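Below is one structure, written out as structure tokens, with a few remarks after it.
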Amino acid sequence: MSQAPTADQLRNRLVDEILAERRVPAHVERAMRTVPRDAFLPGLALENAYTDQAVTIKDNPGKPLPLSCASVPSVVAVMLEQLDARAGDDVLEIRAGTGYNAALLAEIANHGSVTTVDIDSDVALHARTRLNAAGYEHVTVIERDGLLGAPENARTTGSSPRSASGTSPPPGGTS
């Protein structure tokens, strides 16, 4: 009888699958191989945490899309590539979601800062709790409307592509 794959094996397999479809900058690949997505999706089967699919973390009763979800990992890779954050950057992410994307940004912006904002108190609390549990206590989580930004956290050198339009994205587009 063979052993079930470990979280590390599943995470690396997912990243390998993404790389088979498209090139990803080395710093994004490193972050995706480092941050344990399953740590941000408690209660989900390990195998399901490492599929290239979105995972709902908060329903939006009466609406067609969830209020918050973990984005599709291959889409996250594209967003991180487009953001082009580097070590030392200060990054503002609008819509905290699970906290996974903020953890990826923290790996990429090594020695910079990451602030993630969410208007929903449950989502912000989920992100804070999961970031702390995964060792990313240094990421700042703020509960407020993302349109207000986070001026108290100094100048940012980049914003998550999810907020590039200048407005908060619709429900269902979070990490």
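The values are calculated or read from the model by the stated rules, or taken from the named source; none is laboratory data. It should be emphasised that the depicted structure is a prediction, and the values quoted were computed from it without experimental measurement. Every residue, glycine as well, gets a Cβ built from its backbone with ideal geometry; the counts of neighbours run over all protein chains shown. Please note that ligands, DNA and RNA were not included when accessible areas were found on the heavy atoms of the full protein model with its side chains. Shrake-Rupley method; radii C 1.70, N 1.55, O 1.52, S 1.80 Å.
Alpha carbon centre of the stretch 124-145 versus the stretch 1-39: separation in Å? The two parts, judged by their Cα centres, are 22 Å apart. Long hydrophobic helices in the chain: none of the complete DSSP H runs spans 30 Å or more by Cα along its own axis with mean Kyte-Doolittle hydropathy of at least 0.5.
If you average 1/r over all unlike Cα pairs in the chain and invert the result, what Kirkwood radius do you get in angstrom?
16.1
Charged neighbours of ILE18, selected by a Cβ distance under 14 Å, balance to +1 (K, R count +1; D, E count -1).
Working note: 222 nm ellipticity from helices only, DSSP H runs with n ≥ 4, each -39,500 (n - 2.57), summed and divided by the residues of the chain, gives -10500 deg cm²/dmol to the nearest 500.
In the assembled protein chains, ASP84 presents an accessible area of approximately 80 Å² (probe radius 1.4 Å).
Each listed q (0.14, 0.30, 0.31 Å⁻¹) maps to a log10 I(q)/I(0) for the stretch 115-156, found by the Debye formula over equal Cα scatterers with no solvent: -0.30, -1.03, -1.06. With both labels modelled 7 Å from their Cα along Cα-to-Cβ, the ARG33 to ASP8 distance reads 1.2 nm.
Compute, for the chain, the length of the dipole vector about the Cα centre, with Cβ point charges of +1 (Lys, Arg) and -1 (Asp, Glu) only. Units Debye, rounded to 20.
100
In terms of accessible area, using a 1.4 Å probe and ignoring ligands and nucleic acids, MET32, MET1 rank largest first as MET1, MET32.
Any idea what the relative contact order of the stretch 18-113 is, in percent, if you count C-alpha pairs under 8 Å spaced at least 6 apart? Working shown, then result.
Numbers: 113 pairs, mean separation 28.3, N = 96.
So the answer I get is 29 percent.
Once C-alpha pairs closer than 8 Å and six or more residues apart are averaged by separation and normalised to the residue number of the chain, the relative contact order reads 23 percent.
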